[in-house]
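Report on the following structure.
The values are calculated or read from the model by the stated rules, or taken from the named source; none is laboratory data. Computed from a predicted model, the values in this text were never measured in an experiment. Every residue, glycine among them, receives a Cβ derived from its backbone with ideal geometry; neighbour counts consider all protein chains shown.
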Amino acid sequence: MQAVDVGENDVWSLLAAALHLGDMQFDGDDGSSSVADGTRSSLAAASAQLGIKPDELESRITTRFISVGGKAEDLEIPVPPEGAGQARDALAKAIYSRLLLWLVRTLNEAMSSGGRQAAAAEHKGGRLRSFFTRQPSSSHSITSTSERRSVGLLDVFGFESLQTNSLEQLLINYANEKLHSLFLTHVFHGVPQATLEQVLGEGGATSRLDNTECVALIESPPHGILHLLDHQCRAPQGSDLGFCVAANKCHADHRFFLSPKLSRSCDVESKSGFIVRHFAGDVLYRAGAFLESNSDSLQSTHWLADASTVAVVRHLCSAPELSSSSSTKRNGASFGSVGQRFSADLAELIQTLSAGETHFIRCMKPNLQQAPALFHADYVRSRLRAAGSLTALR
């Protein structure tokens, strides 16, 4: 792919296009839709920034195009106002995501070893030359790990157990499980088994210093919790209740999984939730918004790359490396899994942390009420014990 100059005005134009898209509203019935008269100025503004005709942009948002095998042209199906709103949001998200990924890549290359001089040399008149495919001979490339030095600071959400827990809390706690596994490996690697058993008692090292089974419960295919969720998202009649039923059925005998009906302190039915026994405590996850939160509606930008008269838009919308997630198609619709993208990003993060010299700072909530000047010693002690900090000190 050829190089393209991206300037500050181009960035503002793309951001403006995404904002104008968000202002568009739709009229119509259950069978079709069109841009509301009161927001056609937003349609015109977004079209101008993207370098396409307003009629084509409106058609792409209010019509679903489905490829049919053996036919040269796609099948066009009108969508109702609700569907048009979803397509509008997906397109705005795709434009913003590709722009953000380009900015991150460009900044990382500019700050990398050997990249500062190259970036300065290529910065002409407020424009930064970006190559969307790495060239082996480019001065931006890093040829060895010894040439790249950095200090990273990772601040993560703490363990969460709210009154109502859904996908957001599951992903936060999943990240904490993965980082806790890294902590255990880093701190206790090389410690003789006999020493651990002397401190923790026989069997204690296995039960308290190894959470790999809990991590696998969440992420491992084909029956990990995140994979079961994806299956329900792709199913024609998928539902949150179906997801919870599948999780309880698949993991009924798992030692880090608990059905609500088996918990004395829980009055939720098995089909309405499930409990994961995290290292920091048991958490009840309830049905309600799992499928909606996990479904990242994807809008293809290839048509925009073909139709736009703006070079920057064509390049940003056609570069495969600027796609924020992979997608699968079912019945002509694209589905992007938030959970799987999170899992992939988390795996990359763990790989980066494992390659460096890692230090840990444990921050503990002094109380559950999030109140100032209130210290609950028993609660803090239980958190330190669950995190393995007391064992590490011993």
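Specify which of the listed residues (R314, R394, R381) is among the basic types (K, R), at pLDDT 85 or above and loosely packed, with under 15 Cβ neighbours inside 10 Å.
Result: R381 is the single residue among R314, R394, R381 that is among the basic types (K, R), at pLDDT 85 or above and loosely packed, with under 15 Cβ neighbours inside 10 Å.
Output the residues belonging to segment 214-239 that are of a type in the set (D, E) and surrounded by fewer than 22 Cβ atoms within 10 Å (Cβ to Cβ).
Passing the criteria: only E219.
List the number of the failed condition for H359; all other conditions in (1) under 23 Å from the mean Cα position of the chain (by Cα); (2) at pLDDT below 90 hold.
The number of the failed condition is (1).
What number of residues within segment 350-391 satisfy the criterion of being within 18 Å of N173 (Cα to Cα), in a loop (DSSP other than H, G, I, E, B) and in contact (Cβ under 8 Å) with a residue 40 or more places away in the chain?
Matching residues across segment 350-391 total 5.
What is the number of the single condition among (1) closer than 14 Å to Y174 by Cβ; (2) modelled with pLDDT under 95; (3) surrounded by fewer than 19 Cβ atoms within 10 Å (Cβ to Cβ) that N211 does not meet?
(3)
What is the residue count in segment 160-187 for residues that are under 20 Å from A289 (Cα atoms) and in contact (Cβ under 8 Å) with a residue 12 or more places away in the chain?
Final tally of qualifying residues: 14.
So for segment 279-302 (the condition being among the acidic types (D, E), at pLDDT 90 or above and within 30 Å of R234 (Cβ to Cβ)), does at least one residue qualify?
Yes: one or more hits.
What single numbered condition from (1) touching a strand residue (DSSP E or B) at 6+ places or on another chain (Cβ under 8 Å); (2) without any contact (Cβ under 8 Å) to a residue 24 or more places away in the chain fails to hold for L228?
Answer for L228: the failing condition is (1).
Within segment 343-355, does at least one residue satisfy the condition of being loosely packed, with under 13 Cβ neighbours inside 10 Å, at pLDDT below 90 and more than 24 Å from the chain's Cα centre (by Cα)?
Looking for residues that are loosely packed, with under 13 Cβ neighbours inside 10 Å, at pLDDT below 90 and more than 24 Å from the chain's Cα centre (by Cα), one finds none in segment 343-355, hence no.
Keeping to segment 146-165, report how many residues are surrounded by 17 or more Cβ atoms within 10 Å (Cβ to Cβ) and touching a helix residue (DSSP H, G or I) at 6+ places or on another chain (Cβ under 6 Å).
Of the residues in that region, 1 qualify.
Table: residues versus (1) surrounded by 14 or more Cβ atoms within 10 Å (Cβ to Cβ); (2) assigned by TED's automatic domain parsing to the domain that holds R60; (3) more than 14 Å from A87 (Cα to Cα); (4) of a type in the set (K, R).
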position	(1), (2), (3), (4)
D10	yes, yes, yes, no
A16	yes, yes, yes, no
L19	yes, yes, yes, no
D30	no, yes, yes, no
S33	yes, yes, no, no
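For (1) closer than 30 Å to D30 by Cβ; (2) modelled with pLDDT under 80; (3) in a helix (DSSP H, G or I); (4) not β-branched (V, I, T), each residue gets a yes or a no:
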position	(1), (2), (3), (4)
E56	yes, no, yes, yes
R60	yes, no, yes, yes
E73	yes, yes, no, yes
A94	yes, no, yes, yes
L107	no, no, yes, yes
S137	no, yes, no, yes
S150	no, yes, no, yes
G158	no, no, no, yes
S161	no, no, no, yes
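Can you name the residue in segment 249-278 that is of a type in the set (S, T, N, Q) and at pLDDT 85 or above and, of all such residues, is nearest to Q237 (Cα to Cα)?
Of everything passing the filter in segment 249-278, S272 is nearest to Q237 (Cα to Cα).
Of a type in the set (D, E) and at pLDDT below 95, is that true of D23?
Criteria not met by D23.
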